[in-house]
């Protein structure tokens, strides 16, 4: 976990010889506090930061954001390769054998790692590691495979930081052995993606479509559907795929892909998925948060087909007696980190077993088999619920008295007060996000667009959606920052296509696209276009971002605002 | 329906001899537009307005609000009795028999009524009647019984208005006959109420407790529970009471009170009820709306005991096949207007039959039989749903393909855009309010309170609740108008009582009371205290009232704000 603090008081980076809390202006003038975390991903790019004192605010802001991290990755990769020579055996430091290094695998014995032939005692750094004590898994061995998994480490300042902890060189013999173990890139088998996507993080891959594409199709083509991966995309053989269903009285149930397709009725549900971090970039403008710097397009809509989770649970022995002790259904993905920990999440049991919950074990997206990025061969689709619970590459279902114990359920994807910071946060005090609140955004025009006065009117387009099956019933659009309002037309289809049928009450899982054309105000030279949606529980979006700000930058759903300039017609002579 | 319009262009009041749209400054300088409405009550006090030109804005604002109407009623009742002489047979106008009057019962034949011996041709006024064409029911007869039912008419300016339409006198013989028919007050058997209540309307009775009382008890004592009546309180004999259940394949089912208590398991649910108009007074400050001028206390919490509606519907023949054609469950009250039209509402069928919906046919409130004001002997309690659907004095349940056709379901209790006015409103375009949005308010300190600097801190208290069974998970409180925030402590019990057990997911029907104590900011001389709540779908309250404004003044749930002055300690010499 990361926390920005004022520059004046803190630095916790740097070699062990530097006293903590001592300011070292030339090296680490601003601090990032590092809290422990068991997570292996989460909706964040854990970032390491060390930048010259004059530019720290800019650099820090950019780097902590996901896109910033990726940018930094790209910019610094070449330089990082140059400073890789820090590992070269040219110092006067002592020589250690691998056997000696391996003895240092705990805080008591010291935590040593090797990197390109150098030996590093990082004991002091463990408590400051942005990724938490997961760093201990590397103790006594080479750190390269971990950095291959978490590409955020491939930055110059990380290597600089590491160099401060150097205590020796690995023996020539052991260096040769290490080089023989080829370190492979766990992301090398990730699928190809469409270049139109705006990438927030390459490894793991996280990207969103341009907004104007998003609202051009009611059903989002899979290539443009936002991608939200926490780990490398696993390669799953559909022929040998087995889904495990556990925790029910009848014992464990194993289902092949064929079983899922043939033993259970096939249902199709049109459902919008949205990342909890959608529109995080607007919160970042208020005050920096931790996480991928999503724009407004971490949301998409598709038709999903598969077996109902309810049917599978019933086949596995679910009955009313189970509800006496069980309250949650946990999901585990087949995507896993280097320790074998897979992505995990859970949903309330009543959502899972309700006939109206429409939770699918989906094997089709828009009528085709699931693409690799969207969970091939089977994913959970939990309509109305935050994307993070829609576990992809589904490996295991566990009916349980407890929520998933995963990092993403317990210490991530929760909302807090604007007054809560990383010093005061208690993750147990907030519920895991399940249903999402009312949301809408403007996809056209873009912020900063120019409209000619001669056009006389402006057309505004966007999307609106609410969690929990609550139907969007109205979208209000203002051209004057919220003083006066127009009511937008809503639609549930693409031009020329039949509209989606009206959903039963409480089962409105799909978004609505909207559009309004209004005359350009004669007086205005600039428009502040604003949208706000209302669902059938009459929940509305909050007016402004700052009071919704939270340290994880989730649940960003204030009125969306774009500014547009009106270009006056040129006078002709 | 009422609409305020600009003073410059309109007047539609006044006798038929005055041209419409002509300004008559001395009599009716500002207009109230009158739209047709079939309603016989609704969440409004239909108001008639005619005030001197210099004070019209003030008078209009006060009168259109519910409390204003009541105030006006009290102030003007005496005067009204004085001007009752307008009906005296002292003019030179023609004499009509009752038989002649009775011939005028339509717009074609003219619409005549009598009032205290005077004959009035109100044909022109029908289209302008705030209460809609229900006025036609009085055609050809005496208007007194209607005015006894709708006490809002008992105001001087209404009588002045009527006098403009006078066309003759009723014959002496027929006047005697009319006087023999004693006009009774339909509200005469309404129960006694506690004098602490703040009355918004006497007839029908609508009142709320003082806010500081409200938050002093987690379970609201029935005497302090807000009262929301649309019509006189009916006198129901529990021994002969019969509940009709209709629309199911097995035919009609009749249940006595004893049947309800003995044939079905008794359930107890703690549920908060809130009027759709709660906090309407804040919308009135933005721009006048139509309806009772509720403060923040049209909300209360009680334990309700009774049979589950689901169980009764199953006993009456409900089965899965019914859900193929039925979508709503309608309720009719035993309270009725002079035409015999009873109060009515409906809820979605899935809420009614869901095991988790917890809809009760309640015969107890806080462990005692229902008080008369709260629906004795049986009312519906629809947890999580707007008060208006929790029909009191329940007479009939109808399973149907259609929503209730009642005024209150179709043309009232719906939300609209701030840009929608009475000229453009289409009631069919908005869904009937069912689940309510997230809500919270500050009960202590009161707006305008003074805190001594020497106290060093301030304690803020209030309530928070959300509709649809969504649990309140956090309340943020600010002392500086929303710049910085404190997190309040939530509680679900009274001091010394056990806390309510945590509700199952989606079944959090009861409010939470909250409290926070924070240091007085050293710099501030005035505090703007603000609260905002968050539910477990992470819906939040909007920041400001104006963008939530709607012509009916419902769903007022912006941040609640109170201003408090800090009194500096006096210097001692």
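Coordinate-derived values only; no laboratory data. Bear in mind the structure is a predicted one, so any value in this text is a computation, not a measurement. In this analysis, Cβ positions are derived from the backbone assuming ideal geometry, glycine residues included, and neighbour counts consider all displayed protein chains.
Going from the fewest other Cβ atoms within 10 Å to the most, the residues B:256, A:502 appear in the order A:502, B:256. For region B:311-446, the average shadow cast by the Cα convex hull is 11.9 nm², which is a quarter of the hull's surface.
Ranked by the mean number of other Cβ atoms within 10 Å per residue, highest first, peptides B:285-297, A:448-460 order as B:285-297, A:448-460. Relative protection proxy for B:102-113, B:353-364, from highest mean packing down: B:353-364, B:102-113 (other beta-carbon atoms within 10 angstrom). Taking all Cα pairs closer than 8 Å and separated by 6 or more residues, the relative contact order of region B:231-421 comes to 26 percent.
Placing a label point 7 Å from Cα along the Cα-to-Cβ axis, residue B:422 is separated from the same position in the other copies by 5.7 nm, shortest listed first.
Taking every residue in A:547-559 and counting other chain Cβ atoms within 10 Å of its Cβ, the average works out to 3.
Shown for residue A:402: label points 7 Å from Cα along the beta-carbon vector, and their distances to the equivalent points in the other copies, 5.5 nm in ascending order. Kindly provide the pair-distance distribution of region A:376-483 built from C-alpha pairs, with 5 Å bins from 0 and whole-percent values in order of increasing distance. Values per bin, smallest distances first: 2, 8, 13, 15, 14, 13, 12, 10, 6, 4, 2, 1, 0.
Kirkwood-type hydrodynamic radius, region B:194-259: 14.9 Å, calculated from all non-identical alpha-carbon pairs. Counts of other chain beta carbons within 10 angstrom of each beta carbon in peptide A:467-478 average 3. Cα centroid separation, region A:417-450 to region B:279-296: 30 Å. In terms of the mean number of neighbouring beta-carbon atoms within 10 Å, the peptides B:257-270, A:213-226 order highest first as A:213-226, B:257-270. Normalised by 2.2 N^0.38 Å, where N counts its residues, the alpha-carbon radius of gyration of region A:439-567 equals 1.11. Label-point spacing for residue B:266 across the identical copies (point 7 Å from Cα in the Cβ direction), in nm and ascending order: 5.4.
A convex hull fitted to the Cα coordinates of region B:231-421 yields 132 cubic angstrom per residue. Counting Cβ atoms of other protein chains within 10 Å of each residue's Cβ and taking the mean over peptide A:225-232 gives 0.
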